[in-house]
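The structure appears below as structure tokens.
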């Protein structure tokens, strides 16, 4: 048996319950992982609330790090005792241990702790596919401006550092002076306090009226239209989250009126469908973290039993950096 956070119905944080679930042995293509730390992400909130509908009952969580306890037939890239981390592979990561598909489970370098591994996989690989694979026409070059919303969050702080290492001028938005300073300290070239400033006006001022080539927006409803207004002609809007709620329906003609803009709604799991692509993305992340160019901040730690409080804090924007659950 393994203690696991499960929901029987969608709703607020209170629907998450700590239960004992059978563990079992891994089948073909599977491994059993004993967790040392579990990551917390906004996608977990979307799945819990029903914004991203999934079959119920649902074991929560999408990333973790730990040690391989057992290996099923056909798994060749992992052995018992390996330190590992993963993002995806189906929900169920908020637990002491689990059996799961081995495809997305990656060997974790000794230089990277379990807490760091659990905190960085989903967020770091999200930044990887955005900055390296979700690009405007002509790509990005050193010195280019990009706009990143929620720059003081777990994904945002990784993005600030990684963008700086690539030579991009990241303009980060955040709520409040402290969060803006945090984004600045982590590599944002410019910061905008959306509580006090109009981010569209500030972006235009920073870029000399030209706008940015690309906006990376995880906020959703509250920032969508303003984000489009920050783009230069032929710019790209990458809407990859809905922290403020889903973007309402709109007429595609506005993309033409605002400068023949491009719009995409990418997901990590589309990019990580094969063993090879998942490993390549993880290797890129491991490399930039091991080099010191990107440091992973774990600012909140909760016992597994306090998963509901962790969600309350995340949704109330009380957190900075990354948060983990400790089984």
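The values are calculated or read from the model by the stated rules, or taken from the named source; none is laboratory data. None of these values were measured; they are calculated from a predicted model. Because the Cβ atoms are built from the backbone with ideal geometry, glycine has one as well, and the counts that use them run over all protein chains shown.
One table, with the values for the structure above:
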quantity: Checklist (1) assigned to a helix (DSSP H, G or I); (2) in contact with a strand residue (DSSP E or B) (Cβ under 6 Å, 6 or more places away or on another chain); (3) touching a residue at least 40 places away in the same chain (Cβ under 8 Å) applied to residue 179, failing item; calculated: (2)
quantity: Evaluation of residue 245 against (1) in contact with a helix residue (DSSP H, G or I) (Cβ under 9 Å, 6 or more places away or on another chain); (2) touching a residue at least 24 places away in the same chain (Cβ under 8 Å); (3) surrounded by fewer than 20 Cβ atoms within 10 Å (Cβ to Cβ); (4) closer than 17 Å to residue 45 by Cα (one fails), failing number; calculated: (1)
quantity: Top-ranked residue of the stretch 248-275 - restricted to ones that are part of a helix (DSSP H, G or I) and within 20 Å of the chain's Cα centre (by Cα), ranked as modelled with the lowest pLDDT; calculated: 269
quantity: Single condition residue 261 does not satisfy, out of (1) surrounded by 15 or more Cβ atoms within 10 Å (Cβ to Cβ); (2) in contact with a strand residue (DSSP E or B) (Cβ under 6 Å, 6 or more places away or on another chain); (3) over 17 Å from residue 121 (Cβ atoms); (4) touching a residue at least 60 places away in the same chain (Cβ under 8 Å); calculated: (4)
quantity: When residues of the stretch 298-318 are limited to those that are over 14 Å from residue 45 (Cα atoms), surrounded by fewer than 19 Cβ atoms within 10 Å (Cβ to Cβ) and within 18 Å of the chain's Cα centre (by Cα), the one modelled with the lowest pLDDT; calculated: 318
quantity: Among residues of the stretch 12-26, those that are surrounded by fewer than 16 Cβ atoms within 10 Å (Cβ to Cβ), part of a loop (DSSP other than H, G, I, E, B) and either touching a strand residue (DSSP E or B) at 6+ places or on another chain (Cβ under 9 Å) or free of Cβ contacts under 8 Å to residues at least 12 places away in the same chain (or both), counted; calculated: 3
quantity: Any hit, the stretch 121-140, residues being under 19 Å from residue 297 (Cα atoms) and part of a loop (DSSP other than H, G, I, E, B); calculated: no
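Matching residues to (1) more than 18 Å from the chain's Cα centre (by Cα); (2) farther than 21 Å from residue 309 by Cα:
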{"site": "91", "(1), (2)": "no, no"}
{"site": "94", "(1), (2)": "no, no"}
{"site": "107", "(1), (2)": "yes, yes"}
{"site": "116", "(1), (2)": "no, no"}
{"site": "120", "(1), (2)": "no, no"}
{"site": "124", "(1), (2)": "no, yes"}
{"site": "132", "(1), (2)": "no, yes"}
{"site": "137", "(1), (2)": "yes, yes"}
